[in-house]
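These notes concern the structure reproduced below.
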Amino acid sequence: MKYATLIYSKPGSHEALPDAEYKAMFGEYMALANDPRCVSSGQLEPVETATTVRVQDGETLTTDGPYADTKEVFGGYYVFEAGDLDEALELASRIPAARLGGAIEVRPVVEQPSEVRSGVER
């Protein structure tokens with residue numbers, strides 16, 4: 001089963017590290033991205049670059065910035081192929097943001113049948 005691990009970082013926590021620790025932490029992120037169980041991963045640009053979209057009464061409205069202010073910001077993700085939730089949680093615990101004041105949300109990914117992906121309904 002695939003599990004998404006959503007990375008919520010404490011703003012400034014990674015940048016506050018001394019150079020050697022920062023390089024080691026970056027290596028941990030890369031090691032997870034290169035783990036054979038990693039299906040995909042991505043890092044997001046800073047929260048200041050976000051645009052929020054809403055549609056109200058048929059009109060598209062955009063707002064600069066994220067939807068809400070939080071103590072942690074969504075900064076990236078991994079999708080892992082794991083045998084069960086315990087394995088996914090073990091992988092999530094290795095994401096540096098978890099120990100640097102952030103949090104990792106783990107969710108099973110809903111796998112769509114190929115008919116749904118190609119637009120064919122049952």
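Details
- In region 53-93, residue farthest from ASN34 (Cα to Cα) [restricted to those that are of a type in the set (Asp, Glu) and modelled with pLDDT under 90]: ASP64
- Per-region count, region 82-100, residues over 23 Å from GLU111 (Cβ atoms), surrounded by 14 or more Cβ atoms within 10 Å (Cβ to Cβ) and in contact with a strand residue (DSSP E or B) (Cβ under 8 Å, 6 or more places away or on another chain): 3
Residue-by-condition table, conditions (1) surrounded by fewer than 13 Cβ atoms within 10 Å (Cβ to Cβ); (2) modelled with pLDDT of 95 or more; (3) touching a Ser or Thr at 6+ places or on another chain (Cβ under 6 Å):
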{"site": "TYR3", "(1), (2), (3)": "no, yes, no"}
{"site": "PRO11", "(1), (2), (3)": "no, no, no"}
{"site": "HIS14", "(1), (2), (3)": "no, no, no"}
{"site": "LEU17", "(1), (2), (3)": "no, no, no"}
{"site": "ALA20", "(1), (2), (3)": "yes, yes, no"}
{"site": "MET30", "(1), (2), (3)": "yes, yes, no"}
{"site": "ASP35", "(1), (2), (3)": "no, yes, no"}
{"site": "CYS38", "(1), (2), (3)": "no, yes, no"}
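- Elements of type strands (runs of 3 or more DSSP E) in region 1-91, at least 2 residues being aromatic (Phe, Trp, Tyr) and touching a residue at least 24 places away in the same chain (Cβ under 8 Å): 2-9, 73-81
- Taken together, the residues in region 92-104 that are part of a helix (DSSP H, G or I) and either β-branched (Val, Ile, Thr) or touching a residue at least 24 places away in the same chain (Cβ under 8 Å) (or both) amount to 3.
- Among the conditions (1) within 19 Å of ILE104 (Cβ to Cβ); (2) in contact with a helix residue (DSSP H, G or I) (Cβ under 8 Å, 6 or more places away or on another chain), the only one that VAL39 does not satisfy is (2).
- Matching option when the condition is surrounded by fewer than 14 Cβ atoms within 10 Å (Cβ to Cβ) and either farther than 21 Å from GLY101 by Cβ or of a type in the set (A, V, I, L, M) (or both), among VAL79, VAL53: VAL53
The values are calculated or read from the model by the stated rules, or taken from the named source; none is laboratory data. A quick note: this is a predicted structure, and the numbers were derived from the prediction, not measured. Heads up, the Cβs are rebuilt from the backbone with ideal geometry, glycines too, and the neighbour counts pull from every protein chain shown.
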